[in-house]
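The values are calculated or read from the model by the stated rules, or taken from the named source; none is laboratory data. Quantities reported herein were computed from a predicted structural model and do not represent experimental measurements. We place every Cβ from the backbone using ideal geometry, glycine too, and count neighbours over all the protein chains shown. Please note that ligands, DNA and RNA were not included when accessible areas were found on the heavy atoms of the full protein model with its side chains. Shrake-Rupley method; radii C 1.70, N 1.55, O 1.52, S 1.80 Å.
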Amino acid sequence: MKLNIQDTFNKELPADKILENSRRQVLDACFSYVTPKKTSNPKLIHVSEEMLAAIGISKEEAQTEAFLKVFTGNEVLENTHPYAMCYGGHQFGNWAGQLGDGRAINLTEVVHNNQRWALQLKGAGETPYSRTADGLAVLRSSIREYLCSEAMYHLGVSTTRALSLSLSGDEVLRDVMYNGNPAYEKGAIACRVSQSFIRFGNFQILAARKQHLILKQLTDYTIQHFYADITSEGKEKYLDFFTEVRNRTIDMIIHWQRVGFVHGVMNTDNMSILGQTIDYGPYGWLEGYDLGWTPNTTDAQFKRYRYGNQGYIGLWNLFQLANALYPLIEETEPLQEILNEYNTIYEEKYLAMKKSKLGLTASKKDDKELVGRLEETLQLSETDMTIFYRNLSNISSEDSFEVAFDKTKDAFYTPNEISDEIKTHWKDWFDRYLNRLQEESLSDLERKQQMDLINPKYVLRNYMAQLAIDKADKGDYSLIEEFYQLLKKPYDEQPKYQEWFAKRPEWARHKVGCSMLSCSS
Ligand code: AMP
Ligand code: MG
């Protein structure tokens, strides 16, 4: 295996001088060197051929013992120096101090086809940032991250990627619902891949500790490598950087809203500075359209990270990043201005996204109302988001209300319970929509083609991930492969996978892992 190793993060930024792998506060550094833990019986479950190709490893090499050893942490590649990053963060709105890579270990960076990739193992053992936990990951959460990050990529959402998924051969103790019932689960290690895994929290911890010199180094490093379009100097450079991070963050969240993805733990340590979806934990996919839904049981009380609040949380998190960057700028006003523009940009992009889901191209003064009324109506009875939007493209502008409504009614979880009153709301909305379609320039077919590129047919429904997990627990990895293939083309009809274009089955409604997820992973 010959990778084109070109480390930068650990070469250009200050390292923790203490080499002992003990849990502690790490000062004056961006990272600590660590060695991944050896595992008792590593076994490769799945590799992403796309990511293999991206980093320059052949399919044959991926089947070798050498690949298995490196990507389960049992062997360290020559000329590389694995490390864990130091970061802090706001968890559920409160400053939590140092967090850091408690169970992620960065192996190295490679450059292939002019593209930089950082390779990171998740679940490869303790680091100075492991606090009270074990540095390990279980199969369940590793499958969820592995499948979902690839699915998101193919949906067109900015995200970290996944290279490989392996069993460690070790058992890991977890209390899934935090109710005093711990049990052993299979340990796993995923290798994930991104240009960089730097988070808002990497900047925050340095600002909190008033390590302004290192803060400047980290910011300059990030701009130089990942925001190369920024050419300004001095304070302007940092303001341009912040503006760009804001824009990327907005774009990412708008895509989440488009596909019905709820991250579940939008703490600032889980916000990538590149605007990528990162740290797939208790995330979930909307089934019934519900702005108030959160998959995360830890968040059940206040629902801070509910679907309809993700846009606002993006702003809240950027506010924390602004505080962290302040020492480099020393003026609040320009930072505040960038934050002040957030809502306007977000709302504009949100409306444009929603209109694209409806196949509308013209600009009319009642656009907002049309979109808003649909959101309200969708929530009157449980209505599957993915199926509703996907089926909407089958409507013709000539359809009557009855015909149009009939084409979408597979999306209703309890079609028999659609009361006359709810139906009146639907009639009102469809009449407006059908009228509007008459004024649009696209033909029915053209509109359908456009809409089907925006409204996915297949997403990683919560129960699907759970089915793949249940099978994998018994040693059958076939559903992982099936979903991996299916979700490569989420916008294609793929009739052979039709069974996955279906509402959540009733058994999954209140099942752990399907509708209830905890941070335990
Ligand atoms: P998360 O909620 O997954 O974003 O994690 C929050 C913090 O807890 C991060 O610093 C993680 O590295 C750390 N963490 C989560 N799980 C573990 C674990 N099993 N072992 C060590 N650290 C962990
Ligand atoms: Mg995290």
(Q) Of all residues being modelled with pLDDT of 95 or more and under 19 Å from residue 512 (Cβ atoms) in the stretch 301-323, which is most open to solvent (accessible area, probe 1.4 Å)? Just the residue, please. (A) 303
Q: Quick one: which residue in 277, 231 is β-branched (Val, Ile, Thr), assigned by TED's automatic domain parsing to the domain that holds residue 325 and within 22 Å of residue 330 (Cβ to Cβ)?
A: 231
Q: Specify the residue that is most open to solvent (accessible area, probe 1.4 Å); the eligible residues are those in the stretch 243-300 that are assigned to a loop (DSSP other than H, G, I, E, B) and among the charged types (D, E, K, R).
A: 290
Q: Only residues that are touching a strand residue (DSSP E or B) at 6+ places or on another chain (Cβ under 7 Å), at negative phi and open to solvent by 30 Å² or more (accessible area, probe 1.4 Å): list them for the stretch 78-109, please.
A: 81, 96, 103
Q. How about the stretch 367-469: which helices (runs of 4 or more DSSP H) wholly inside it have at least 3 residues that are within 22 Å of residue 353 (Cβ to Cβ)?
A. 367-378, 385-392, 420-439, 444-451
Q: Mind counting the residues in the stretch 123-157 that are closer than 29 Å to residue 258 by Cα, over 13 Å from the mean Cα position of the chain (by Cα) and open to solvent by 30 Å² or more (accessible area, probe 1.4 Å)?
A: 1
Q) Does residue 298 satisfy the criteria of being within 14 Å of ligand 1 (Cβ to nearest atom) and either assigned by TED's automatic domain parsing to the domain that holds residue 244 or not basic (Lys, Arg) (or both)? A) yes
(Q) Looking at the stretch 177-186, can you tell me whether even one residue there is more than 19 Å from residue 68 (Cβ to Cβ) and within 16 Å of ligand 2 (Cβ to nearest atom)? (A) no
Q. Looking at the stretch 494-508, which of its residues are modelled with pLDDT of 95 or more and open to solvent by 90 Å² or more (accessible area, probe 1.4 Å)?
A. 495, 496, 499
Q: Filter the stretch 407-460 down to residues that are of a type outside the set (Ser, Thr, Tyr) and closer than 30 Å to residue 488 by Cα, then give me how many there are.
A: 22
Q) Looking at this structure, is residue 69 within 16 Å of ligand 2 (Cβ to nearest atom), open to solvent by 10 Å² or more (accessible area, probe 1.4 Å), touching a residue at least 24 places away in the same chain (Cβ under 8 Å) and of a type in the set (D, E, K, R)? A) no
Q: Can you confirm whether the stretch 176-187 contains a residue that is under 17 Å from the mean Cα position of the chain (by Cα) and either assigned to a loop (DSSP other than H, G, I, E, B) or surrounded by fewer than 16 Cβ atoms within 10 Å (Cβ to Cβ) (or both)?
A: no
Q: Name the single residue, out of those in the stretch 97-125 being out of contact with any Lys or Arg (no Cβ under 7 Å at 6 or more places or on another chain) and near ligand 1 (Cβ under 8 Å from one of its atoms), that is nearest to residue 188 (Cα to Cα).
A: 101
Q.
Taking the conditions exactly as written (closer than 22 Å to residue 101 by Cβ, open to solvent by 10 Å² or more (accessible area, probe 1.4 Å) and not small (Gly, Ala, Ser)), does residue 202 satisfy them or not?
A. no
Q: Name the residue, out of 341, 421, 337, 402, that is under 26 Å from the mean Cα position of the chain (by Cα), of a type in the set (Asp, Glu) and open to solvent by 20 Å² or more (accessible area, probe 1.4 Å).
A: 341
Q | Residue list for the stretch 509-521, filter: open to solvent by 60 Å² or more (accessible area, probe 1.4 Å) and more than 17 Å from residue 467 (Cα to Cα) | A | none
(Q) Take residue 216 and tell me if it is more than 12 Å from residue 338 (Cβ to Cβ), open to solvent by 40 Å² or more (accessible area, probe 1.4 Å) and assigned to a helix (DSSP H, G or I). (A) yes
